[in-house]
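Participant: Quick one: the structure is below, questions incoming.
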Amino acid sequence: MNYIYRAVREITGDWKESLQTRRLSSNLLPLTDNLWEWLRPEVYPSRRHAIFASPTEQEAHGAWEQGKVGVVEFNDVPLVGQHCGYPDVKNHPDEEIFRKLWVIELKKTEWVQNDIQSKLSRPHLGHLMLPLLSKSEVDTILKDFPKFAENIQKASTVWKCFRLFDPMKDGPPSSSGEIVINTIKYRVIPIS
């Protein structure tokens, strides 16, 4: 049997419902979260509605040292994938690359010097720091910055090393890497 592990506050074995609303990332800049969602292939799970897990007990414990590690079970057929090689994608190089490209592009504009009314009057690259933008909202912003959009697409690797898998049949594709799960109901049970 192949297991997926998750660190939680308390292992109760109770079924939990996943968030149906978008989840604000506590580990990533909104810039990175927005651009990753914009770049995400439609067939991949959304990080914004996900629960996260690990392929090993050790990695799960590393994700949350104070948490108790258990095995994840599903009450439906989940959409699951893994960021191979990144136990926690907050350490993914895209974040720094995006930030640098964004600052370089912003410096080319006078937007940063404008007052708040001017900054809010029309979509601008600076708005990529607003949390939880949709793909279409990012598209609206980036239509005026095609070179920046192209540079982001070329530089990003986050989805290039992502692999979908069926946890009901297969184990994770890699022994290291954050697992992203879109599911309706799940539970964490003790490791037997």
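The values are calculated or read from the model by the stated rules, or taken from the named source; none is laboratory data. Bear in mind that the values here come from a model prediction, so they are computed numbers and not experimental data. Every residue, glycine among them, receives a Cβ derived from its backbone with ideal geometry; neighbour counts consider all protein chains shown.
Participant: Inspect the range 22-31 for any residue being at pLDDT 95 or above and within 23 Å of G171 (Cα to Cα) and give the result as yes or no.
Facilitator: no
Participant: Let me ask something additional. What is the number of the single condition among (1) without any contact (Cβ under 8 Å) to a residue 40 or more places away in the chain; (2) among the acidic types (D, E); (3) more than 16 Å from I181 (Cα to Cα) that E10 does not meet?
Facilitator: Here E10 meets the rest and fails (1).
Participant: What do you reckon, is Q58 out of contact with any Ser or Thr (no Cβ under 7 Å at 6 or more places or on another chain), part of a loop (DSSP other than H, G, I, E, B) and surrounded by fewer than 16 Cβ atoms within 10 Å (Cβ to Cβ)?
Facilitator: Working: out of contact with any Ser or Thr (no Cβ under 7 Å at 6 or more places or on another chain): yes; part of a loop (DSSP other than H, G, I, E, B): no; surrounded by fewer than 16 Cβ atoms within 10 Å (Cβ to Cβ): yes.
It is false that Q58 is out of contact with any Ser or Thr (no Cβ under 7 Å at 6 or more places or on another chain), part of a loop (DSSP other than H, G, I, E, B) and surrounded by fewer than 16 Cβ atoms within 10 Å (Cβ to Cβ).
Participant: Take the conditions touching an Asp or Glu at 6+ places or on another chain (Cβ under 8 Å) and either surrounded by fewer than 17 Cβ atoms within 10 Å (Cβ to Cβ) or free of Cβ contacts under 8 Å to residues at least 12 places away in the same chain (or both) and apply them to N75. Does it pass?
Facilitator: Details: touching an Asp or Glu at 6+ places or on another chain (Cβ under 8 Å): no; either surrounded by fewer than 17 Cβ atoms within 10 Å (Cβ to Cβ) or free of Cβ contacts under 8 Å to residues at least 12 places away in the same chain (or both): yes.
No; evaluated as a whole, the condition is false for this residue.
Participant: Still on this model: With the checklist (1) more than 12 Å from the chain's Cα centre (by Cα); (2) in contact (Cβ under 8 Å) with a residue 24 or more places away in the chain; (3) surrounded by fewer than 18 Cβ atoms within 10 Å (Cβ to Cβ); (4) under 24 Å from A7 (Cα atoms) in hand, flag the one item S46 doesn't pass.
Facilitator: Among (1) more than 12 Å from the chain's Cα centre (by Cα); (2) in contact (Cβ under 8 Å) with a residue 24 or more places away in the chain; (3) surrounded by fewer than 18 Cβ atoms within 10 Å (Cβ to Cβ); (4) under 24 Å from A7 (Cα atoms), S46 violates only (1).
Participant: Right, here's the next one. Can you tell me which residue is surrounded by the most Cβ atoms within 10 Å (Cβ to Cβ) among those in the range 1-15 that are outside any strand (DSSP E or B) and not hydrophobic (A, V, I, L, M, F, W, C)? Reasoning before the result, please.
Facilitator: Filtering the range 1-15 for residues outside any strand (DSSP E or B) gives 1-4, 9-15.
Those still in the list that are not hydrophobic (A, V, I, L, M, F, W, C) too: 2-3, 9-10, 12-14.
On the way: N2: 12, Y3: 18, R9: 10, E10: 9, T12: 13, G13: 10, D14: 9.
The residue in question is Y3.
Participant: With the structure loaded, tell me whether E96 is part of a helix (DSSP H, G or I), modelled with pLDDT of 90 or more and either among the acidic types (D, E) or within 16 Å of V188 (Cβ to Cβ) (or both) or whether it fails that test. Break it down stepwise before answering.
Facilitator: On the way: part of a helix (DSSP H, G or I): yes; modelled with pLDDT of 90 or more: yes; either among the acidic types (D, E) or within 16 Å of V188 (Cβ to Cβ) (or both): yes.
So E96 passes the test.
Participant: Let me ask something else about it. Quick one: N151 ticks every box in (1) closer than 30 Å to A7 by Cβ; (2) polar (S, T, N, Q); (3) in contact (Cβ under 8 Å) with a residue 24 or more places away in the chain bar one, so which box is it?
Facilitator: Among (1) closer than 30 Å to A7 by Cβ; (2) polar (S, T, N, Q); (3) in contact (Cβ under 8 Å) with a residue 24 or more places away in the chain, N151 violates only (1).
Participant: For the range 16-32, enumerate the residues that are charged (D, E, K, R) and either loosely packed, with under 13 Cβ neighbours inside 10 Å or more than 23 Å from E73 (Cβ to Cβ) (or both). Give the derivation first.
Facilitator: Of the residues in the range 16-32, the ones charged (D, E, K, R) are 16-17, 22-23.
E17, R22 - these are the residues of the range 16-32 that are charged (D, E, K, R) and either loosely packed, with under 13 Cβ neighbours inside 10 Å or more than 23 Å from E73 (Cβ to Cβ) (or both).
Participant: Please give the number of the condition H83 fails out of (1) outside any strand (DSSP E or B); (2) touching a Gly at 6+ places or on another chain (Cβ under 8 Å); (3) of a type outside the set (D, E).
Facilitator: H83 satisfies every listed condition except (1).
Participant: Now, a different point. Find the helices (runs of 4 or more DSSP H) located wholly in the range 107-192 whose residues include 2 or more that are under 24 Å from T32 (Cα atoms) and modelled with pLDDT under 95, and list them.
Facilitator: Values: elements: 116-120, 135-142, 146-155.
Because the criterion is at least 2 residues that are under 24 Å from T32 (Cα atoms) and modelled with pLDDT under 95, the helices (runs of 4 or more DSSP H) in the range 107-192 that meet it are 116-120.
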